[in-house]
1. Let me make sure I get this right: for the range 56-139, a, b and c are the square roots of the gyration tensor eigenvalues over alpha carbons, sorted descending. Under 1.5 in a/c it's rounded, otherwise prolate if a/b > b/c, else oblate. Which is it?
2. Of 225/261; 196/330; 311/347; 436/548; 86/196, which pairs sit farther than 28 Å apart, going by alpha carbon to alpha carbon?
3. Starting from the Kirkwood Rh over alpha-carbon pairs, what translational D in µm² s⁻¹ does the range 353-469 have by Stokes-Einstein at 37 °C and 0.692 mPa s?
4. So in the chain, what percent of DSSP beta bridges are antiparallel if you round to the nearest 5?
5. From the phi of every residue in the range 413-421, what ³J(HN,Hα) in whole Hz does the Karplus formula 6.51 cos²θ - 1.76 cosθ + 1.60 yield, where θ is phi - 60° and glycine or proline is x?
6. Pull up all non-local amide H partners of residue 499: gap of 5 or more, or a different chain, and H-to-H distance under 5 Å with H placed in the peptide plane.
7. Can you work out the accessible area per residue across the chain, with the rest of the protein chains kept in place, probe 1.4 Å, in square angstrom?
8. If I stretch the segment between residue 557 and residue 246 completely, what's the gain in nm (0.36 nm per residue apart, minus their alpha carbon distance), one decimal?
Amino acid sequence: MAEKDDYLVEILVDLGFVTAEQVSTARTEAAAAGVGVVDLLVANKHIRPADVAQAKAAHFGAEVVNLGELKLADEIIALIRRDIAKKYRAIPVSHHGNTITVAVSDPSDLDTIDSLHHLLRADIELKVASDQDIEAALAKYYGGRQGPDDSKWRETIQELTESEVAVTVAANDGGAVDADAPLIKLVNTLIFEAFKLRASDIHLEPLAKTFRVRYRIDGVMQEMKSPPKRLQASIISRLKIQSNMSIAERRIPQDGRIQSKVGSKMIDLRVSCLPTNHGESIVMRILDKEGLRLGLPELGFFTDDQQTFEKLIALPDGILLVTGPTGSGKTTTLYSCLHFINRPDRKIITVEDPVEYQLAGINQVQVNETVGLSFSMALRSILRQAPNVIMLGEIRDMETATIAINASLTGHLVFSTLHTNDAPSAVTRLIDIGVKPFLVASSTRALMAQRLVRKVCRQCATPHTPTEAELKSINLDPSSLANATFMKGKGCSNCSNTGYRGRFGVFEIFVIDDEARKLIYDKVPSSVLRTRAREMGMRTLREDGIRKILAGLTTTEEVIRATVGDAD
C-alpha cells in the first residue's frame, strides 16, 4: 500500500494537485492513524477523488471518464453480469467489435484486467473513474446492493483513528459505552443495513488480506463493502462484548445473543464466534419474530395441501415429521403450526436447542448439555407436565426418538424435524437409528419434506415465454400449457435488481395409511414406500414446484436448484 501511495503522491505533486508541504504533514498524520496518505489527503479535502483518478490515468496513459455524466444503455450494462461487475468493480462503458471499454478505479490491478479478459471473452480497453463514481454506478445500474450507505460508511471509518478504536474496545460490560463512538456506529450500521435488506444472516469472515462481510438474502450469499482489515479485531471485540462473550478467549468457539433496536423495532441476533486461521469468524442470525405469525398460505401451501396439513396438525395424537436440509425452513413451518393450534384449552411445550423465538402462551425449554439437560432428559420431564402438544427441535438419536414416539402413542401430538432428503426416507432414518419398525408404523401420522425457493418480485414481474430447454428441464409438454402463467422479474429497486423478493416453500406430504403402515412394519426400502406414496397421490417436491412455476410464483431455475435430487 505504501509503494502504491508513493507513486500516486508523486504524480499528484507533479500535476499540481497538492503541495510537498501538505504531503509531508499528511505522511505524519497517516502513519499515526494507520491510514493511507492519499486517503488522508482526500479526507482532509486537500485533493478530490477526481484528482486521484486523473493521476492514475496519467500514469498509465488512460483516459478519465465521468460515469455520472454518462447514460449507459441496458445492452451495454448487460455486457458484464452484476456479480462480476461488483467483484471486480468494473463498469462497461462501450462495445466495439470484440473490444469492451471498461471503467475501473485502479488500472494498476493487472489481475482484475486479466480476469475480465477471460470472463468476458473479449479484449479490454481501460478507462479510469474515481472510487465514488464506480460505487455510484454500481448502485445505479446493478441495484445498489453494495452494502451499507457509502457516505455514512466512509464518514464513520474516517472518524476511526487508532486511539479511538482502543478507547472504544476498552469499554467493556462494566463501563459506560458511548453510543456515538465511531466503532459502535460502524457495527450498528452493519446490523441496520442487514435488517433493511431483509438478510437472515450476517457473516464477518477474516481472510488473509481482507475482512469480508457477507449477508444471506433470500437464501443467497451477497458480498458487501468490507471495512478495513485494521478494524477487524475491534469490530469482533465489540460484537463479543455485546453478546456477553469473553473477549479474552480466542481459542474456542463461543455463542451469545444480541438485542438491537432498529428504528422502533427490537430485533434479536443469535451470534456464533469461531476461531479461524486469520482471526475469529462471526455469524449473526437475525431472528425475525414477524415470520412466526405466517399463516399456512404464506408458507407456500396451495389450498389442497393446506387443507390436508390443517387436518394433520389438528389430530389429537401421533407424530408429524418435517424433513429437509439445514436452511430449508423446517423450524419456521413448525412455529407456524404451533401458532395455528395455540389456544387456551391446549398446553404446548417445546424442547429446542437453542430457543430462537419467544412464543406467547407456549412453554419453551432450552437444552443445556453442560448441566445434563439433554433432549431426552427434557422430553422425559415434560411428559409429567401433562402437555397436549410437544414440539421437539430435532430427533437426533435413538433415545430421543423412542421417547418422542412413545409420547405420541400415549395421547400426545408430537412435532419434530429430521435431516432427510425426501418424506419417505424419514421412515428409513428412524429405523436406522434404532427405533422398532412397529413403533414407527403405529405412531407416524404424516411425513413432510420441504425446500425453499425465491418468489418472483411482484413489482417488476413480467410475462415470460419459456424456452424449449426450460420446459424440457422440468419435463413439461408445450401442448399442456394453455392456462400456464410464466413470470420473471426484470429487476427493480424493490428486489435490488435480482428479480426475486422473499421465499416460500415447496412441499411433498406423505400421509400414512394402513397399507403404508404394513410396508413400514415389513421394513421395505424407502423406494417402495415412495412408490406407495405416489400411488396415494403424493406430489413430489419437483411437481409441487412446477405447479408454482405455472402459477407465475417462481421460476424454473429456482425449482431446479431447490429440487435437484428430485427429478423423477
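The values are calculated or read from the model by the stated rules, or taken from the named source; none is laboratory data. In this text, all values refer to a predicted model and were calculated from it rather than measured experimentally. Positions of Cβ are generated from backbone atoms using ideal geometry, with glycine treated the same way; all protein chains shown enter the neighbour counts. Surface accessibility is based on the protein's heavy atoms, side chains included, excluding ligands, DNA and RNA. Shrake-Rupley method; radii C 1.70, N 1.55, O 1.52, S 1.80 Å.
1. rounded
2. Checking Cα-Cα distances, 436/548 exceed 28 Å.
3. 195
4. Here the antiparallel bridges make up roughly 65 percent for the chain.
5. Whole-Hz 3J(HN,Hα) from phi for the range 413-421: 8, 10, 10, 7, 10, 9, 9, 9, 7.
6. 491, 492
7. About 47 Å² of surface per residue is accessible.
8. Extra length available between residue 557 and residue 246 comes to 107.5 nm.
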